[in-house]
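The values are calculated or read from the model by the stated rules, or taken from the named source; none is laboratory data. Computed from a predicted model, the values in this text were never measured in an experiment. Note that we place each Cβ from the backbone using ideal geometry, even for glycine, and neighbour counts take in every protein chain shown. Surface areas here come from the heavy atoms of the whole protein model, side chains and all, with no ligands, DNA or RNA. Shrake-Rupley method; radii C 1.70, N 1.55, O 1.52, S 1.80 Å.
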Amino acid sequence: MLPSIPPKYFLPLIGLAVSAFVFNTSEFMPIALLTDISASFGKTPAETGIMITTYAWVVGLLSLPLMLAVCRMNPKRLLLAVLALFAAGQIGSGLAPSFAVLMAARIAVACAHAIFWSITAPYATRLVTREHQPFALSCVATGSAIAMIFGLPIGRVIGLALGWRMTFLCIAGITLLALLYLWRVFPQLSGGGQPFAVRDLPALVRTPAVFGCFFLSVTFATGYFTVYSYIEPYLGMVAGFSPDAITETLMALGVFGFFGSVLFSRMYGTHRTACLLLGSCGIPVCALLYVFGVSIPPVLVAVCLALGMISTLFNITMQAELLCATSREAAPVATSIYSGLFNVGIGGGTAIGSFIAGAGQLPGIGFVSAAITALAAAYCIFIFLPSLRKKSAA
């Protein structure tokens with residue numbers, strides 16, 4: 001049962017959830033339309049694919065600098081400006097006369113992405129009372145999960161029926177509607193305190209809980225995306241799933257990602273340690289079962305669903321821990337570093353998966369993922385959790 005929450009809190013959260021949906025849909029949309037985009041500009045998919053890599057690295061490298069540059073802005077004004085830049089980038093993508101213009105538009109979208117995911121979690125928790133903060137974070141995560149379930153398939157259908165350009169223009173249209181909606185319902189958040197300064201960065205990073213969240217984010221993302229980035233060829237080439245079965249499994253994985261956000265909203269307030277243990281230990285266990293269950297389709301499907309649920313649960317839990325460990329002024333900067341490191345992990349995991357697949361070792365990809373995520377689990381159990389208990393006892 002969802003917690004009772006006043007409309008003045010819930011209405012802006014809906015706007016943030018819809019925004020999260022379009023941002024996540026946009027991030028991975030070129031993957032679903034890569035062949036058509038390549039054909040439009042007379043390039044191969046491999047040549048066009050550089051815009052996907054560039055996008056991830058722009059987010060990873062610019063999240064912190066961009067957040068430091070805009071952290072003094074009024075929260076509502078910043079949110080609306082980010083949505084406006086995002087919509088402009090989508091329009092530029094849809095109307096791009098050349099691949100160079102498309103790349104420039106995607107870089108603009110990546111800059112908006114970097115700032116959006118730096119401010120969304122802090123703003124969501126500031127909209128509500130402390131009691132409702134886990135629910136607020138799960139609302140944002142739900143928007144992301146729905147994008148994984150429906151956003152990409154719908155975008156691909158639009159692209160195939162009306163052309164890939166119309167997909168980007170539709171995203172722009174939804175974004176502009178979200179912008180107008182948030183302009184009406186999003187409250188003016190108080191500044192409260194001095195703006196975050198660059199000189200405060202060393203002290204922020206040295207905080208044990210903050211450093212722990214950063215370390216866990218990059219190791220978790222690297223390990224998880226080692227498996228996830230090559231889940232489609234693994235299911236098809238190693239497990240022998242049909243194309244329809246692969247699509248259904250991936251959509252079900254997205255559905256269970258939504259369940260992970262619901263589980264977080266119900267557990268985190270009263271079972272904080274359990275969320276951390278389930279998230280950190282669950283991924284390496286699933287990665288091992290991913291290998292050993294390959295010959296038993298029901299087991300492999302169950303493992304994929306567990307991966308979707310646990311990965312969402314752990315990611316939101318880390319964001320919640322980061323917000324608990326930082327001040328209101330430092331939270332957007334801390335989440336920008338978190339987002340940047342997470343994207344570095346995505347890129348690293350994808351590169352590792354590519355190397356494993358290229359070496360003909362795809363059947364054993366789960367072992368590598370398990371080894372990386374086991375490092376995150378060990379850090380969580382033996383260093384991160386004891387530091388949290390020590391802080392609580394102080």
Query raised in the report: Just how many % of Cα pairs in the range 267-394 lie over 18 Å apart, if you round to the nearest whole percent?
Result: 61 percent
Report task. In Å and from the alpha-carbon atoms only, list the Rg and Dmax of the chain. Result -> 20.3, 63
Query raised in the report: Using only helices, what value at 222 nm comes out for the chain when you add -39,500 (n - 2.57) per DSSP H run of length 4 or more and divide by the total residues, to the nearest 500 deg cm²/dmol?
Result: -26500 deg cm²/dmol
Report summary line: Along the dipole axis of the range 1-156 (charges at Cβ: +1 for Lys and Arg, -1 for Asp and Glu; origin at the Cα centre), the most positive-end residue among TYR9, ALA108, GLY42 is TYR9
**Report entry** Lys, Arg +1 and Asp, Glu -1 on Cβ, resulting dipole of the chain about Cα centre, debye, nearest 20
**Finding:** 1180 debye
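Once you keep just the Cα pairs under 8 angstrom separated by 6 or more residues, what percentage relative contact order results for the chain?
Values: 572 pairs, mean separation 101.8, N = 394.
Relative contact order, the chain: 26 percent.
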Query raised in the report: Ranked from highest to lowest mean number of other Cβ atoms within 10 Å per residue, what is the order of the peptides 227-234, 19-26?
Result: 19-26, 227-234
Query raised in the report: Which whole-number value in Å² is the accessible area per residue of the chain, probe 1.4 Å?
Result: 42 Å²
Query raised in the report: At a 1.4 Å probe, what is the % contribution of carbon and sulfur to the accessible area of the chain?
Result: 70 percent
Report summary line: Simple spin-label estimate for SER387/SER98, 7 Å along Cα→Cβ, in nm, reads 4.9 nm
Query raised in the report: What ranking do 309-320, 362-373, 337-348, 92-103 get when scored by the average of other Cβ atoms within 10 Å per residue, highest first?
Result: 309-320, 337-348, 362-373, 92-103
**Report entry** Volume in Å³ per residue [convex hull over Cα atoms, computed for the range 147-303]
**Finding:** 192 Å³
Report task. Can you tell me the relative contact order of the range 1-135? Whole percent, Cα pairs under 8 Å, sequence separation 6 or more. Result -> 29 percent
